[in-house]
1. Which condition breaks for residue 107 when tested against (1) touching a strand residue (DSSP E or B) at 6+ places or on another chain (Cβ under 6 Å); (2) in a loop (DSSP other than H, G, I, E, B)?
2. Right, residue 39: modelled with pLDDT under 85, farther than 20 Å from residue 174 by Cβ and not in a helix (DSSP H, G or I) or not?
3. Restricting to the stretch 102-156, and then to whatever is within 17 Å of residue 184 (Cα to Cα) and in contact with a helix residue (DSSP H, G or I) (Cβ under 6 Å, 6 or more places away or on another chain), can you tell me which residue is modelled with the highest pLDDT?
4. Checking the structure you have, find out if any residue of the stretch 52-62 is surrounded by 13 or more Cβ atoms within 10 Å (Cβ to Cβ), within 20 Å of residue 27 (Cβ to Cβ) and at pLDDT below 90.
5. Among the listed residues 177, 168, 159, 164, identify the single one that is within 12 Å of the chain's Cα centre (by Cα), at pLDDT 90 or above and within 15 Å of residue 115 (Cα to Cα).
6. Inside the stretch 157-170, can you point out the residues that are out of contact with any helix residue (DSSP H, G or I) (no Cβ under 8 Å at 6 or more places or on another chain) and touching a residue at least 12 places away in the same chain (Cβ under 8 Å)?
7. For the stretch 142-177, enumerate the residues that are closer than 27 Å to residue 21 by Cα, in contact with a strand residue (DSSP E or B) (Cβ under 9 Å, 6 or more places away or on another chain) and not in a strand (DSSP E or B).
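The values are calculated or read from the model by the stated rules, or taken from the named source; none is laboratory data. Keep in mind the model is a prediction, meaning the values are calculated, not measured. Cβ: placed from backbone, ideal geometry, glycine included. Neighbour counts: every protein chain shown.
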């Protein structure tokens, strides 16, 4: 239920740097000093409260999860088609991340042990958006496969609609980071043809 108080902040105003919680759904925005509050990307709400480490208010985790999932449900079909089309352009075996950035779809080969996703200038995949934490997620190559880890983000990391702290990725998995969708693709090298077994007609005649 939405509650308003004297400390409620309204979308469209400059409120300084910090983290701000949507009063309606609990979704979090992380702002720099130059950002203005936007409407909530999850529910469209315009009322926010400043989040604090010392704030004793508890947000229902299910409520925040539902808010984050709604971003995935609102994804553009055009973007989905573009990302799916990007896979067809990959011609080398390996692991890849595909994601939309503006009007372009980018494909990143995951060749390093660590790939950082976030708003920080040091991120390998950078989204300059208040729904994304400075250090939001990590993609890690491990012995058991490629794994995504939540890097203590405000809004969490979701794989195929489920919030995760860490999970091994499978080909085609959807990763949600803030309002951004990424796809993980894993292309195996082509299998070598097995040697043919000679049949009776090709065997030399006995004698």
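1. So the condition that residue 107 fails would be (2).
2. no
3. 107
4. Yes, there is a match, as at least one residue in the stretch 52-62 is surrounded by 13 or more Cβ atoms within 10 Å (Cβ to Cβ), within 20 Å of residue 27 (Cβ to Cβ) and at pLDDT below 90.
5. 177 is the lone residue from the list that is within 12 Å of the chain's Cα centre (by Cα), at pLDDT 90 or above and within 15 Å of residue 115 (Cα to Cα).
6. 157, 159, 160, 164, 165, 166, 167, 168, 169, 170, listed by residue number.
7. 151, 153, 154, 155, 156, 160, 161, 165
Here's the yes/no breakdown for (1) assigned by TED's automatic domain parsing to the domain that holds residue 35; (2) free of Cβ contacts under 8 Å to residues at least 24 places away in the same chain; (3) over 24 Å from residue 81 (Cβ atoms):
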{"site": "138", "(1), (2), (3)": "no, no, yes"}
{"site": "147", "(1), (2), (3)": "no, yes, yes"}
{"site": "155", "(1), (2), (3)": "no, no, yes"}
{"site": "172", "(1), (2), (3)": "no, yes, no"}
{"site": "175", "(1), (2), (3)": "no, no, no"}
